[in-house]
Amino acid sequence: MSTTLERPAAASTGKIAPAKGDRTLIRGQVRAGWTLLTPALLHSGIFIVVPVIAVLVLSLTDYSFGDSFEWVGFTNYTDLFRDPNFLASLWHTVLYAIVVIPISMAISLAVAIGLNQKIRGLGFFRTAFYIPTVTATVAVATIWLWIYNPGSGLANGFLSLFGFAPNRWLADPGTALPSLMVVGIWQGLGTKIIIYLAALQGVSRDLLESAQLDGAGRWQKFVNVTWPAIGPVQFFVLITSIVGTFQVFDLVYVMTQGGPGSSTRVLVMDIYQNAFQNLKLGYASAETVIMMIVIAIFIAAGRLLQKADTND
């Protein structure tokens, strides 16, 4: 009597079906993964997705706190681009980001490279550079208000040593926004330095030594080895910097409150005033949507720059 041996169906496809015990293990791992993800997904849904949807809906209404509202379609958006306060706020915020982001990233990378060397007092310098980041913005703003004080401030006192005339800094529309940019750059260095320092310490020593044996100098090693290695970190720092600079508010609120005139009025301050002072929540929601779109454009541009740099 002949017997016919049946081959597993998976053999004809070149794949080996997982054993029953393996399938049980895989299902258990999937369940464990979803269990661990659930708190983060709930947090994202409640505090990110729901508010974003609410802002999108409210931006199409004339809603004010406690009042009934009507659908106005895109009227809020058309009114925004005829509002000089919004246009000034948008321009100042974009200008602030364009100046602060590249300068702070360049300084942070340079400092991180220095701190990555074997120097004495390394722990002290790392702590000193990080202190402004963990210091309350109100305290930082108060210190810089004294530095920029036209009469007794440190800035004018230093410039007077070289014969320069006193400057009004925050009281002059021409210097108020650049003065705030300096504070923003200084305050944001700490976090970027720590991130860059961690990335630099992860660069392969073998590659650096091989480049040195091939006769590469410091600049060649940085361009051909270090820079490509920290590319993903550069993009991360860029994204967090874009989001942070577009959300600047407390620094401006404490130091200038958008003045003199509207020379330092930024987008989040305009949203705050429309929402909580003028009680125009629908209008402020439309501003928020515009801000999200501009941030997305900046992030997309940064992604394109990173791809171009990687391809080169």
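The values are calculated or read from the model by the stated rules, or taken from the named source; none is laboratory data. Since we're looking at a predicted model, the values are computed, not measured. Every residue, glycine as well, gets a Cβ built from its backbone with ideal geometry; the counts of neighbours run over all protein chains shown. Note: areas computed on protein heavy atoms with side chains; ligands, DNA, RNA excluded. Shrake-Rupley method; radii C 1.70, N 1.55, O 1.52, S 1.80 Å.
So the values come out like this:
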{"quantity": "Residues that are open to solvent by less than 40 Å² (accessible area, probe 1.4 Å) and either hydroxyl-bearing (Ser, Thr, Tyr) or not in a helix (DSSP H, G or I) (or both), drawn from region 189-223", "calculated": "Tyr196, Val203, Ala216, Gly217"}
{"quantity": "Flag if Thr226 is assigned to a helix (DSSP H, G or I), β-branched (Val, Ile, Thr) and modelled with pLDDT under 90", "calculated": "no"}
{"quantity": "Looking only at region 100-123, and only at residues there that are in a loop (DSSP other than H, G, I, E, B) and touching a helix residue (DSSP H, G or I) at 6+ places or on another chain (Cβ under 9 Å), the one that is most open to solvent (accessible area, probe 1.4 Å)", "calculated": "Ile119"}
{"quantity": "Residues satisfying the stated conditions in region 148-162, i.e. under 13 Å from Thr175 (Cβ atoms) and in a helix (DSSP H, G or I)", "calculated": "Ala155, Asn156, Leu159"}
{"quantity": "Scope region 252-295; condition farther than 26 Å from Asp62 by Cβ, surrounded by fewer than 20 Cβ atoms within 10 Å (Cβ to Cβ) and aliphatic (A, V, I, L, M); matching residues", "calculated": "Val254"}
{"quantity": "Scan of region 265-307 for residues that are closer than 30 Å to Tyr148 by Cβ, in contact with a Leu (Cβ under 7 Å, 6 or more places away or on another chain) and modelled with pLDDT of 95 or more, ordered by number", "calculated": "Leu267, Glu287, Met291"}
{"quantity": "Tabulated pairs, region 153-176, first touching a residue at least 40 places away in the same chain (Cβ under 8 Å) and within 21 Å of Pro260 (Cβ to Cβ), second of a type in the set (Phe, Trp, Tyr) and surrounded by 14 or more Cβ atoms within 10 Å (Cβ to Cβ), C-beta under 7 angstrom, 6+ apart or interchain", "calculated": "Leu170/Tyr148"}
{"quantity": "Residue match in region 49-60 (condition: surrounded by 10 or more Cβ atoms within 10 Å (Cβ to Cβ) and more than 27 Å from the chain's Cα centre (by Cα))", "calculated": "yes"}
{"quantity": "Test: residue in region 165-188 that is hydroxyl-bearing (Ser, Thr, Tyr) and open to solvent by less than 60 Å² (accessible area, probe 1.4 Å)", "calculated": "yes"}
{"quantity": "Criterion violated by Thr135 - all others in (1) closer than 29 Å to Phe246 by Cα; (2) open to solvent by less than 40 Å² (accessible area, probe 1.4 Å); (3) of a type outside the set (Gly, Ala, Ser) satisfied", "calculated": "(2)"}
{"quantity": "For Asn156: the one exception among (1) among the polar types (S, T, N, Q); (2) over 16 Å from Tyr196 (Cβ atoms); (3) open to solvent by 80 Å² or more (accessible area, probe 1.4 Å)", "calculated": "(3)"}
{"quantity": "Matching option when the condition is at pLDDT below 90, assigned to a helix (DSSP H, G or I) and over 24 Å from Thr288 (Cα atoms), among Ala17, Ala11", "calculated": "Ala11"}
